[in-house]
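Beneath this line is the structure, given in structure tokens, with notes to follow.
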Amino acid sequence: MNEVVDVRLKVFGRKDLLGLQDLHPDEIRLILDTARSFREISERPIKKVPTLRGKTLVNLFYEPSTRTRTSFEIAAKRLSADIININVPQSSIVKGEGLKDTVKTIEAMEASIVVIRHGQAGVPHILAHMVKSSIINAGDGAHEHPTQGLIDMFTILEKKGSLEGLRIVIVGDILHSRVARSNIFGLTKMGAKVCVCGPPTLIPPKVEQLKVEVYYKLEEAIKDADVIMLLRMQLERQCPNLFPTLLEYTKLYGLNKERLRVASQDVLVMHPGPINRGIEITPDVADSHYSVICDQVRNGIAVRMTVLYLLSGNRGRL
Amino acid sequence: MKLLIKGGRVIDPESRLDKVADLLIENGKIKDIIKPDTRNPIPETRIIDGKGKIVTPGLIDMHVHLREPGREDEETIKSGTRAAAKGGFTTICCMPNTSPCMDNHVVVEFVKSRVEKEGVINVIPIGGISKGLDGKELAEIGELVKAGVRAISDDGNPLMDAGMMRRALEYVKGFGIPLISHCEDINLSKDGVMNEGYMSTVLGMRGIPSASEEVMVAREIILAQLTQSQVHIAHVSTKGSVALIRDAKKKGIPITCETCPHYFVLTDEACKDFNTNTKVNPPLRTSEDVQAIKEGLKDGTIDVISTDHAPHADFEKELEYDKAPFGIVGLETALPLIFTELVGKSVLSLSDALSKVTINPALILGIKKGRIKKGFPADITIIDPDLEEVVDVNRFLSKSRNSPFDGWKVKGIPVMTIVKGRIVMEDGKVL
């Protein structure tokens with residue numbers, strides 16, 4: 001399953017970044033380590049380095065996205081790559097058109113790296129087998145969103161110094177969340193204790209086999225938590241009758257100051273964005289000193305620069 | 001033309017015959033089963049060397065989609081029957097979900113005429129239960145039976161209305177043919193694409209719970225008991241279904257069932273590379289289910305192995321997993337998989353394994369086939385139990401390539417198919 005990994009990893013030996021499930025802990029460590037250097041670059045007055053000069057990056061987005069796309073765009077620009085954004089409008093994806101034509105398009109563009117977001121699980125994996133370009137999965141259905149997982153891990157690491165033994169609680173629609181899956185895969189590999197919490201209808205079957213604890217009551221889940229990750233309630237994805245109303249959801253699972261008291265004193269509150277204020281999180285918590293939501297966005301650029309850098313065959317440390 | 005198959009291991013699962021013998025075929029019928037080399041040369045007889053081979057009643061596949069009329073780009077009666085002949089089948093039943101569908105005798109007559117012209121083996125049409133296979137109004141089942149159907153089914157379109165199913169079961173009883181039920185509660189399966197469980201959670205794909213099959217199996221058992229009409233459950237895939245059917249049979253409820261090779265060979269682990277040739281309905285289940293299916297085959301709970309041969313065009317399967325259609329082809333891999341996975345791994349004896357593709361389907365359909373017996377039609381399959389092959393979808397005679405078994409090494413290959421005394425396949429070549 002795992003590719004052969006150099007123990008003192010200096011080089012990221014893969015062509016693609018498709019998910020955290022098949023990464024070795026050493027590979028994750030390499031990425032997180034390298035990201036620290038890129039975090040420094042982001043603090044310089046001139047934030048641009050010539051590393052990817054002459055390379056082309058294509059942002060191929062089959063689902064609307066502002067944050068992830070922009071974050072990759074800034075990351076690529078700071079590495080001096082040329083960027084093309086392709087937003088495939090949902091309406092033009094008809095039966096019989098799609099995957100095969102996507103492959104042809106990518107090959108014709110001779111892109112070095114393709115960042116792809118697609119509404120359906122597995123599309124980046126299928127493409128990765130078929131094209132020479134490096135593929136970065138920027139979210140495939142409810143499957144994985146590896147860069148977001150790495151960003152969250154990097155942010156926790158930055159604040160807590162280590163992931164080992166931390167109690168990390170992911171709250172909300174776990175069933176439909178690729179962010180939750182990538183975090184579960186990544187965090188458990190790095191030795192964190194991961195818990196998931198939400199209404200039973202939004203907890204995926206047999207998830208406990210991924211070494212996570214399942215809670216249906218928020219208060220129990222976040223007791224002594226070191227990190228609470230809230231997921232956006234994705235209204236557009238909900239099937240009917242998974243929960244009755246957003247109002248009831250908020251009453252049961254919305255994070256507010258009162259509930260936060262049972263968590264650890266220095267708990268981190270995270271959210272991959274965009275936030276539904278007043279639904280999964282109250283504004284006072286979102287803006288409190290517990291919240292590292294803006295750090296996540298900032299670190300997003302550094303982590304994505306790292307991934308682009310490593311996939312281009314560069315060495316670990318700058 | 002007379003044929004003499006000399007020195008083969010002749011197996012007739014019904015009579016438990018299993019011995020080396022010569023088989024004489026004359027005028028399309030089985031003329032005699034004789035001790036080897038006891039008869040003087042018969043003039044004008046082709047001698048077939050059966051040494052080291054297995055001579056069995058011609059294989060019967062109760063569950064095939066031939067796609068004609070409608071999707072002749074995926075399969076035709078010609079290509080489908082040729083693929084079947086290559087796979088060792090002498091009789092197949094074709095499902096009614098064509099376009100237009102076989103819910104009336106006119107389409108049945110059309111299919112029969114095409115079989116007459118271009119088919120190389122026997123084809124028994126299965127008629128629709130309801131008009132348009134939409135579960136609302138009964139099809140003219142009497143007319144369908146008169147035209148030659150030997151079972152009815154709305155396969156692919158689960159009949160959700162229990163009241164309608166009850167009436168269909170009662171009505172069909174008068175014709176002495178079974179109703180084949182595709183058990184799936186569509187409110188439970190919804191837009192699922194693979195088995196619901198650990199793998200669907202890891203892959204982030206929508207799941208189809210075992211319950212969607214089992215709820216309907218339970219309903220059919222209860223309705224079979226109520227109506228005392230014969231129900232045959234198509235493509236059983238779960239542990240729970242096997243248990244329900246086992247209990248029902250103990251109670252004497254008139255129920256039979258089938259499974260398909262992919263349900264005793266593959267698990268949902270096969271979906272992990274997003275290969276759309278693993279997308280099938282019901283979905284590939286867990287290793288626990290595979291184990292239960294094998295036990296069901298062993299103890300006789302599962303009567304029949306069918307293929308649910310479901311050809312799909314490349315351009316349809318080359319889509320995202322979510323969008324690709326359900327279904328895999330099976331005619332050209334079924335027998336080797338039965339040999340390799342069931343007989344080879346001592347799950348079933350040779351005779352028991354063959355009974356699931358010969359006498360059992362024949363009895364369920366009420367047809368005079370599936371036996372090696374004097375006077376019976378000479379539908380015979382000869383199998384080389386030691387011949388090994390690597391499955392190569394590009395060599396399929398089927399028009400479609402959607403098999404998850406491409407590249408698999410298998411053993412036990414049909415080397416001759418004889419239909420009504422005529423050789424239609426020899427050494428993999430269909431004549």
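Could you please find all residues in segment A:102-116 being at pLDDT below 90 and within 14 Å of chain B (Cβ to nearest Cβ)?
Across segment A:102-116, the qualifying residues are A:Thr102, A:Val103, A:Lys104.
What's the number of the only condition in (1) in contact with a Lys or Arg (Cβ under 6 Å, 6 or more places away or on another chain); (2) over 27 Å from B:Gly163 (Cα atoms); (3) at pLDDT below 95 that B:Asp273 fails to meet?
Every listed condition holds for B:Asp273 apart from (1).
Could you please let me know if A:Pro240 is more than 12 Å from A:Val169 (Cα to Cα), surrounded by fewer than 15 Cβ atoms within 10 Å (Cβ to Cβ), away from chain B (no Cβ under 14 Å) and of a type outside the set (Ser, Thr, Tyr)?
No; evaluated as a whole, the condition is false for this residue.
Just to check your reading of the model, which residue among A:Gly149, A:Gly172, A:Gly119 is modelled with pLDDT under 95 and closer than 25 Å to A:Ile279 by Cα?
Matching residue, one of A:Gly149, A:Gly172, A:Gly119: A:Gly119.
Restricting attention to segment B:346-383, report how many residues are under 14 Å from B:Thr417 (Cα atoms), touching a Pro at 6+ places or on another chain (Cβ under 8 Å) and small (Gly, Ala, Ser).
1
Tell me yes or no: at least one residue of segment A:32-55 is more than 19 Å from A:His143 (Cβ to Cβ), touching a strand residue (DSSP E or B) at 6+ places or on another chain (Cβ under 8 Å) and buried (at least 22 other Cβ atoms within 10 Å of the Cβ).
no
Name the one entry in B:Arg71, B:Arg114 that is surrounded by fewer than 24 Cβ atoms within 10 Å (Cβ to Cβ), part of a loop (DSSP other than H, G, I, E, B) and assigned by TED's automatic domain parsing to the domain that holds B:Ser153.
B:Arg71 is the lone residue from the list that is surrounded by fewer than 24 Cβ atoms within 10 Å (Cβ to Cβ), part of a loop (DSSP other than H, G, I, E, B) and assigned by TED's automatic domain parsing to the domain that holds B:Ser153.
Which residue is nearest to B:Cys93 (Cα to Cα), if the candidates are limited to segment B:254-289 and must be more than 14 Å from chain A (Cβ to nearest Cβ) and of a type in the set (Phe, Trp, Tyr)?
Step by step, filter segment B:254-289, then rank; the result is B:Tyr263.
For segment A:202-237, enumerate the residues that are modelled with pLDDT of 95 or more and polar (S, T, N, Q).
Correct list: A:Gln209 only.
Only one of these is over 22 Å from B:His309 (Cα atoms) and either touching a residue at least 12 places away in the same chain (Cβ under 8 Å) or crowded, with 23+ Cβ neighbours inside 10 Å (or both): B:Gly197, B:Gly119, B:Gly132. Name it.
B:Gly197
Given the residues A:Leu242, A:Leu260, which is the only one that is of a type in the set (A, V, I, L, M) and at pLDDT below 95?
Of the residues listed, the single one that is of a type in the set (A, V, I, L, M) and at pLDDT below 95 is A:Leu242.
Output the number of residues of segment B:290-345 satisfying the condition of being within 14 Å of chain A (Cβ to nearest Cβ) and either buried (at least 23 other Cβ atoms within 10 Å of the Cβ) or hydroxyl-bearing (Ser, Thr, Tyr) (or both).
3
Considering only residues that are basic (Lys, Arg) and within 18 Å of B:Val280 (Cβ to Cβ), which ones fall in segment B:205-224?
B:Arg206
If A:Ser162 satisfies all but one of (1) surrounded by fewer than 18 Cβ atoms within 10 Å (Cβ to Cβ); (2) within 14 Å of chain B (Cβ to nearest Cβ), what's the number of the condition it fails?
(2)
Just one of (1) within 12 Å of chain B (Cβ to nearest Cβ); (2) surrounded by fewer than 19 Cβ atoms within 10 Å (Cβ to Cβ); (3) in contact (Cβ under 8 Å) with a residue 12 or more places away in the chain trips up A:His129, so point out which.
A:His129 satisfies every listed condition except (3).
Looking at segment B:1-28 only, could you name the residues that are loosely packed, with under 14 Cβ neighbours inside 10 Å and either within 16 Å of B:Arg371 (Cβ to Cβ) or under 27 Å from the mean Cα position of the chain (by Cα) (or both)?
B:Ser15, B:Arg16, B:Lys19
Any idea which residue in segment A:171-227 is surrounded by the most Cβ atoms within 10 Å (Cβ to Cβ), counting only those that are part of a loop (DSSP other than H, G, I, E, B), β-branched (Val, Ile, Thr) and within 14 Å of chain B (Cβ to nearest Cβ)?
Step by step, filter segment A:171-227, then rank; the result is A:Ile174.
Could you go through segment B:71-85 and let me know if any residue there is touching a Ser or Thr at 6+ places or on another chain (Cβ under 6 Å) and either β-branched (Val, Ile, Thr) or modelled with pLDDT under 95 (or both).
No; the residues of segment B:71-85 include none that is touching a Ser or Thr at 6+ places or on another chain (Cβ under 6 Å) and either β-branched (Val, Ile, Thr) or modelled with pLDDT under 95 (or both).
Looking at A:His145 and the list (1) in contact with a Leu (Cβ under 8 Å, 6 or more places away or on another chain); (2) surrounded by 24 or more Cβ atoms within 10 Å (Cβ to Cβ); (3) closer than 16 Å to A:Asp22 by Cα, which single condition is not satisfied?
(1)
The values are calculated or read from the model by the stated rules, or taken from the named source; none is laboratory data. These figures come from a predicted structure and were not determined experimentally. Counting neighbours? That spans all protein chains shown, and the Cβs are built from the backbone with ideal geometry, glycine included.
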